[in-house]
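The values are calculated or read from the model by the stated rules, or taken from the named source; none is laboratory data. All of these numbers come straight from a predicted model, not from anything done at the bench. Every residue, glycine as well, gets a Cβ built from its backbone with ideal geometry; the counts of neighbours run over all protein chains shown.
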């Protein structure tokens, strides 16, 4: 995707307002700063260098050792995140530009949430009684959010190029697919989009389709299954992160 100058400026301004607003309104500003720094995949040291401060300043804000940052500091943090992204190709800004402002993208999206702090896959799966069946070795990986998707509606309502919109603001999240028969179609769709979620949970089935499992193994995507009822599962998910 190539953005012209006006589109890029509008996207940057929109993104900056969203991040700054979320930090200001957060009950834990430090964790929100950390969340966005992780979304941009920027280390504390790199962010500190861009702001011309010591890395301990960023660490202290994120851990809560310093009092909540004022508007001036928040603006410097947000500007630094966006500046670093621009210097490294602007991938996060480009990714953000593909999203509408509304959280609910279509009837295919049942629920979507970004975590304030990362959650290990094994803890996430435990909360929804999910069993990891592909790439169990990656159970310690952390995810930063989830999207619950009605797989039938996603397949019928969303064009392939719009599948990217299921990821929220980071691909390091869990995609939970409901209304399944075998679990093959969601994994094929993931392979086609060439994006790798941190975890895929197939809801309502006990066994994974052979092709789906193979895609998970080859692409390095952990797959779990759960038969937990939908409403209790959503309630458990909302208590995470």
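Residue selection: residue 109 fails the criterion of being surrounded by 22 or more Cβ atoms within 10 Å (Cβ to Cβ), within 15 Å of the chain's Cα centre (by Cα) and either under 22 Å from residue 229 (Cβ atoms) or at pLDDT 85 or above (or both).
Restricting attention to region 172-223, the residues being at positive phi and without any contact (Cβ under 8 Å) to a residue 24 or more places away in the chain number 1. Can you pull out every residue in region 204-214 that is touching a helix residue (DSSP H, G or I) at 6+ places or on another chain (Cβ under 7 Å) and buried (at least 21 other Cβ atoms within 10 Å of the Cβ)? Selection gives 212 alone. No other residue among 225, 208, 192, 188 is in contact with a strand residue (DSSP E or B) (Cβ under 6 Å, 6 or more places away or on another chain) and outside any loop (DSSP other than H, G, I, E, B) apart from 225.
Taken over region 229-241, the criterion of being touching a helix residue (DSSP H, G or I) at 6+ places or on another chain (Cβ under 8 Å) and either surrounded by 13 or more Cβ atoms within 10 Å (Cβ to Cβ) or assigned to a helix (DSSP H, G or I) (or both) is satisfied by 236, 237, 240.
Which residues, counting only those in region 124-139, are without any contact (Cβ under 8 Å) to a residue 24 or more places away in the chain and under 15 Å from residue 235 (Cα atoms)? First the steps, then the outcome.
Looking only at region 124-139, we keep the residues that are without any contact (Cβ under 8 Å) to a residue 24 or more places away in the chain, and these are 126, 137.
If the condition is that a residue be without any contact (Cβ under 8 Å) to a residue 24 or more places away in the chain and under 15 Å from residue 235 (Cα atoms), then 126 is the only one that fits.
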